[in-house]
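Report on one structure; see the data block that follows.
None of the figures in this text is laboratory data; all of them are computed from the coordinates on show. These figures come from a predicted structure and were not determined experimentally. FYI the Cβ positions are ideal-geometry reconstructions off the backbone, even for glycines, and counts take in every protein chain you see.
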Amino acid sequence: MHMKLQRCILNPLLSPVPQHHWESKYVFNCAVVKKNGLFHMLYRAQGEDMVSRIGYAVSTDGIRFNRLEKPVFTPKSPWELYGVEDPRITEIDGKFYMMYTAYSPMGVRISMASTTDFIRWERHGVIIPDIDNKDAALFPEKINGRYVMFHRIEPDMYLAFSDDLIHWDNFVSIAGPREGYWDNLKIGVGAPPIKLDEGWLVLYHGVENTPRPTYRLGFMLLDLNDPSKVLKRSEEPIFEPEEEWEIFGGVPNVVFSDAMVEHEGNYYIYYGAADNHIALATISKEEVEKWLKER
């Protein structure tokens, strides 16, 4: 079966605000978590200086968001000279951990910060210092007694393992690009994984090697006890750039998601469109279940 996400009719949900200097050009890749009936969004924004900062918006229905006028997370260290990018959020034991990309003349590095209220942050700094690395997302619980995190060393999707969330080891590639498919150039995790009876449901992005590389979305299913084992993977993309504002923009031909939230029998998938806007697409849990059961 070929699954397809449905776009929200109110798209795009967030766009640049010309009078806010820090988000006047682009608003895009966002993390979203639902807690006590509220949707909390942390999103990447750029203004005239092209430095990435992270803004905060909140919603009761997951569609209409109210945002703060000022960013809640801004560059602070030499690793972040060019910005803080592409947040992904996982709740572990009542605390929210944000994995993000620190970007500087020294390269791109996975960094982490944590919060309980999305406004005040404890910074844990760069957690994999030695190599260019991005697309990090934490699993919501320990597996076999250790924390697990996705990361991306081009062009593959990797896992890493830790006892304390700060020191990571045992880097293992779990999946790579596929020749002749929609994800033949590089791949990376999208949202933090969701635990199901069948395994870990993982949203990921794949890039096709076309004259202007195209970013699309797909699903993977990983084994519950050994997440390095891929049980299933989307043969066809579940979502691709089709609207004008997804095809043309800061980076053309891009739908890029860092957030998947369960809500009222659906998965709400928030995505950055051509690095210009934030939008929403949904799919019913029932449709995903059907795909999982297909052999």
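Across region 66-72, rounded Karplus estimates of 3J(HN,Hα) from the backbone phi angles (6.51 cos²θ - 1.76 cosθ + 1.60, θ = phi - 60°) give 9, 10, 7, 6, 10, x, 9 Hz, Gly and Pro being marked x.
Report, in debye and to the nearest 20, how large the dipole of region 1-108 comes out about its Cα centre when Lys and Arg carry +1 and Asp and Glu carry -1 on their Cβ.
Values: 13 positive and 10 negative charges, 66 e Å.
Once rounded to the nearest 20, the dipole reads 320 debye.
Using a simple spin-label model with pseudo-atoms 7 Å out from Cα toward Cβ, Leu165 and Arg178 lie 3.4 nm apart. Farthest towards the positive end of the charge dipole of the chain, among the residues Pro227, Ile119, Ser173, is the Cα of Ile119, using unit charges on the Cβ of Lys, Arg, Asp and Glu.
Between Asp93 and Ser15, what length comes free when the chain is fully extended (0.36 nm per residue of separation minus the Cα-Cα distance, one decimal in nm)?
Numbers: separation 78, 0.36 × 78 = 28.08 nm, distance 3.29 nm.
Length gained between Asp93 and Ser15: 24.8 nm.
The slack between Glu122 and Glu289, meaning 0.36 nm per residue of separation minus the straight C-alpha distance, is 56.4 nm.
Averaging over every viewing direction, what projected area does the convex hull of the Cα atoms of region 41-187 cover, in nm²?
Numbers: hull surface 42.5 nm².
Computed as one quarter of the Cα hull surface, the answer is 10.6 nm².
Residues in region 149-162 carry Karplus couplings, in order, of 9, 6, 8, 9, 9, 3, x, 9, 9, 10, 10, 9, 10, 8 Hz; the curve used is 6.51 cos²θ - 1.76 cosθ + 1.60 with θ = phi - 60°, and Gly or Pro positions show x.
Stretched out straight at 0.36 nm per residue, the stretch from Asn66 to Lys229 would grow longer than its current Cα-Cα span by 54.7 nm. Choose one answer from Ile269, Ile89, Ile174: the residue with the largest mean-square fluctuation in a GNM of the chain with alpha-carbon springs under 10 Å. Checking each option, the largest mean-square fluctuation is seen for Ile174. Taking amide H atoms as placed 1.01 Å from N in the peptide plane, the amide H of Lys134 lies under 5 Å from those of Arg152, each 5 or more residues away in sequence or on another chain. Amide hydrogen proximity for Ala259: with H placed 1.01 Å from N in the peptide plane, the residues at 5 or more positions away or on another chain lying under 5 Å are Ala191, Tyr270. Using only side-chain charges placed at the Cβ, +1 for Lys and Arg and -1 for Asp and Glu, the dipole size of the chain relative to its Cα centre rounds to 380 debye. Does the chain come out rounded, prolate or oblate by the C-alpha gyration tensor, with a ≥ b ≥ c the root eigenvalues, rounded set by a/c under 1.5 and, if not, prolate when a/b is larger than b/c and oblate if not? Rounded, since a/c falls under 1.5. Derived scalar couplings between HN and Hα for region 142-148 equal 5, 10, 6, x, 10, 6, 10 Hz in order, rounded to whole Hz, by the Karplus curve 6.51 cos²θ - 1.76 cosθ + 1.60 (θ = phi - 60°), x for Gly and Pro. Using a cut-off of 24 Å between Cα atoms, the listed pairs Lys25/Lys285; Lys76/Lys195; Lys35/Lys195; Lys25/Lys70; Lys229/Lys290; Lys142/Lys290 include Lys25/Lys285; Lys76/Lys195; Lys142/Lys290 as exceeding that distance.
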